[in-house]
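K.L.:
Just dropping this structure here.
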Amino acid sequence: MSKPKVLVFIDWYLPGYKAGGPVRSLANLVDHLRDRIDFHIVTRNTEYTESAPYPGIQPDTWTELAGGEKVWYTSEVGTSRNVWKQILKEQNWDSVYINGLYSWWYNILPLWLSRSMKVRRIVAVRGMLASGAMQHGALKKLLFLSFARMVDLYKGVHFQATNEEEAKDVRLHILKHAEVSIVPNLSRKVAAEKVPITKEIGAVKLVSIARIAVEKNTLLAIESLRNVKGKVQFNLYGPVYDEAYWAKCQEAIAALPAEVKVEWKHTVPPEEVPRILAAHHALFMPSAGENFGHTMLEALSAGRPLLISDRTPWRGLEREHAGWDLPLAPAGGRPGTRGLKGEGGARGGGGGGGRGGGGGPEAKPPEHEVVQTTTEARPTADLSRFNNADFPLGAGFVKRTLWYYVNALFFINPLFPFRSPKPFLLRLFGARVGKGVVIHPGVNIKFPWKLIIGDHVWIGQRAWLDNIDQLTIHSNVVISQGAMLILGSHDYKKVDYPTLAGPLVLEEGSWVGAGALVLGGVTLHSHALLAAGSVAGKDLDAYTIYRGNPAMAVRERVMEGDARGSKKPAQEA
């Protein structure tokens, strides 16, 4: 029986290694599955951050590596749309596997060219949608993802995520109902040897094996050593991704105490990593986010504890006697590490253990910890965990995008004074709007498809209808200028601040004064009046005037010339 044929597109592959995790992830995948899958890999013929081709490799043809996978090392001249089309059509591929999201040649174009093929298409996200990764170049990434949704780039695509958080990121940033399989990354087949290490009291040797980049928090790691007492040797291995960022790191190094030494050791090939880990007491990498962390697994396998952030899958390390996963911004201290000390006594085998590591859960804690921490026990807010993927927005991406521009041009825009088109535009987007409705310039409306407006309603200038839940405005209601109807909030008791929302009802004849604020879940009963600048967080009784923050009843609202001038209105038709 022939093996299924999988065509892979990835920017860098073996013998390259400087691109880090994505290369290692694919290499491990191929290593574990080569006996069952026929891999054909299309990649560059240069190493990450370099322009010189790999020596001894013929470009622009299939090259069979020692493990059996076939690799097409593409030269700069051979990188073209026509070559990609030729490769896609030359065999009956069972799957096309795209490693990553943002590369034009190795992610976007092959995905686009394969859209009409009867082949299973898989996109491995590789941590590129994690909060830490999305913080850098956020505007470009969000614009690309928006455009990709508009042109259905990911229609029919199956996504690979390494954990549940990454699956949520896919559904948040790409497709709400995306087909996602959670497939954890695989480790190297060859386990690292556990080499004993001694430790001098009051001294520690730390190491980072990662590119020097913002998302790896190299600068934060260096700065966190500023107030450490004792001798610290912190060695950095990896390519410099951003020269300007590295210059900041060098400035921070120069400001460290005399006994704290930080040295950049350049880049090392993968086969050297076990030796380097064995020469240090702990791996120190407070990265902004990792979808796996191959170096962390290798450190644990080598019997070395981790000093990392809580933005990786490697959690609960202290409980497993395998290290420390610290919040990047603990209360009352510097982000990531607080009270880091080069203390401890001699110990033979390092402090490894825990998941994938050398001692396992049953390992005893070290007699003298390599690193002591004093982070607060109380939970801290972590907005990087916020995920709004399950919140019901009520409309698809295209409709929401169109409304964004219509709202900006015809409602928020103070230079558009015309009132008559506005009810029509609201109805066009799903709102139920009665007759005689007056909407002044500068009004901001979140979701018209969650809006019901009765007859003869007035909405003043700069009013903000933040109706992420159902907003019902009955007839003859006044919403004065600058008033805010806020139907959504966040659960402040949860560290990830999940979205909370509640409906809001303004019954007939009610009035929200200028600059007043009404919160979700509230009902203003018939002819209730909220005075200017007041805040209503609970229901307001009918025919009653409320004032203050929180709004308190101050007197009855009497309507002159109206037989219903009491708190108990007459029977209405």
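The values are calculated or read from the model by the stated rules, or taken from the named source; none is laboratory data. In this text, all values refer to a predicted model and were calculated from it rather than measured experimentally. Counting neighbours? That spans all protein chains shown, and the Cβs are built from the backbone with ideal geometry, glycine included. The protein model used for the area step is the full one, side chains on, heavy atoms only, and it has no ligands, DNA or RNA in it. Shrake-Rupley method; radii C 1.70, N 1.55, O 1.52, S 1.80 Å.
K.L.:
Among the aspartates and glutamates, which fall within straight-line cross-link reach of LYS141, defined as a Cα-Cα distance under 14 Å, with same-chain neighbours fewer than 8 residues apart omitted?
P.N.:
Here the aspartates and glutamates satisfying the reach criterion relative to LYS141 are ASP169.
K.L.:
Near LYS199, which aspartates and glutamates are there with a Cα under 18 Å away, not counting those fewer than 8 places off in the same chain?
P.N.:
Correct list for LYS199: GLU259, GLU343, GLU367, GLU369.
K.L.:
Bin all alpha-carbon pair distances of the chain at 20 Å intervals from 0 and give each bin's fraction as a whole percent.
P.N.:
For the chain, the binned pair fractions read 18, 39, 29, 13, 1 percent.
K.L.:
With a probe of 1.4 Å, find how much accessible area the chain has per residue, and write the answer as a whole number in Å².
P.N.:
48 Å²
K.L.:
Here's another thing I want to ask about it. May I ask for the distance between the Cα centers of the stretch 82-118 and the stretch 207-226, given as a whole number of Å?
P.N.:
Their Cα centres are 36 Å away from one another.
K.L.:
Going by average Cβ density within 10 Å per residue, which order do the peptides 218-230, 147-159 take, highest to lowest?
P.N.:
Packing order, densest peptide first, comes out as 218-230, 147-159.
K.L.:
Of all accessible surface on the chain at a 1.4 Å probe, what whole percent is carbon and sulfur?
P.N.:
55 percent
K.L.:
Would you kindly calculate the mean projected area, averaged across all directions, of the convex hull enclosing the Cα atoms of the stretch 31-157, in square nanometres?
P.N.:
9.2 nm²
K.L.:
In deg cm²/dmol and to the nearest 500, what is the mean residue ellipticity at 222 nm of the chain if only DSSP H runs of at least 4 residues count, each as -39500 (n - 2.57), divided by the residue total?
P.N.:
Taking each H run of at least 4 residues, the total per residue is -5000 deg cm²/dmol.
K.L.:
Which entries of LYS89/LYS168; LYS85/LYS118; LYS176/LYS450; LYS3/LYS176; LYS435/LYS538 show an alpha-carbon separation above 22 angstrom in the structure shown?
P.N.:
Pairs exceeding the cut-off: LYS89/LYS168; LYS3/LYS176; LYS435/LYS538.
K.L.:
Moving on to the next point. Restricting to Cα atoms and excluding each atom paired with itself, what does the Kirkwood estimate give for the stretch 1-64 in Å?
P.N.:
Evaluated on the stretch 1-64, it is 12.7 Å.
K.L.:
For the stretch 133-172, what number results from the quotient of the Cα radius of gyration and 2.2 N^0.38 Å?
P.N.:
For the stretch 133-172, the normalised Cα radius of gyration comes out at 1.25.
K.L.:
What ratio of Cα Rg to 2.2 N^0.38 Å holds for the stretch 258-328?
P.N.:
Against the compact-globule rule of thumb, the ratio is 1.12.
K.L.:
Using the basic label-point model (7 angstrom from Cα toward the beta carbon), what is the VAL268 to MET559 distance in nanometres?
P.N.:
Placing both labels 7 Å along Cα→Cβ, they lie 8.1 nm apart.
K.L.:
Quick one: P(r) of the stretch 393-468 from all Cα-Cα pairs, 5 Å bins, percents rounded to integers, in order of increasing distance.
P.N.:
Result returned by the calculation: 3, 17, 30, 30, 14, 5, 0.
K.L.:
Follow-up question, since we're still on this one. Of all beta bridges DSSP finds with both residues in the chain, what is the antiparallel percent, to the nearest 5?
P.N.:
Expressed as a percentage, antiparallel bridges in the chain total about 10.
K.L.:
By how many nm would the segment from ALA244 to LYS70 lengthen if fully extended, with 0.36 nm per residue of separation less the alpha-carbon distance?
P.N.:
Result for the pair: 58.8 nm of gain on full extension.
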